[in-house]
1. Separation between the LEU62 and MET14 pseudo-spin-labels, each 7 Å from Cα along Cα→Cβ, expressed in nm?
2. For each of ILE63, ILE24, count neighbouring Cβ atoms within 10 Å of the residue's Cβ, then give the residues from fewest to most.
3. Order the peptides 25-38, 71-84 from the highest to the lowest mean number of other Cβ atoms within 10 Å of their residues.
4. Sort LEU62, LEU70, LEU18 so that the residue with the fewest other Cβ atoms within 10 Å of its own Cβ comes first and the one with the most comes last.
Amino acid sequence: MPAQVRWNLNCAPMMFWLAEAAGIPAERLDRAEEAAKTAAARVGHDHPSHGKAMRAVLPWRLIEEALEALPPLSAQAATVGEVAVARAHEKLVAACGKRYS
């Protein structure tokens, strides 16, 4: 399933995280960060233009190909990842008082 469909996101931080986790080179990540900062300077609140600016530097196809090239996670690594996500979610709930699912 293409990344664009699976993660139908305009969320610049999530796109950046996916690209970073997929091993996209730091130079490209730096350019994407600058593009998102420039978009955020124009529109201060969360806005689709932030994601659009990042996609100009980090197209979905590039992220998808990088994710597909990663080796499969071991069962142990997957468990560690699930625990980390659960802990991050609990911190978010504690910080804002809302539960996301």
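1. Result: 2.0 nm between the two label points.
2. ILE24, ILE63
3. The densest-packed peptide leads the list: 25-38, 71-84.
4. Ranked by crowding around the Cβ, least crowded first: LEU70, LEU62, LEU18.
Quick note: the coordinates plus some simple rules give every number you see, no bench work behind them. Keep in mind that this is a model prediction, so the values were computed, not measured. Using ideal geometry, Cβ is built from the backbone for each residue, glycine included, and neighbour counts are taken over all protein chains shown.
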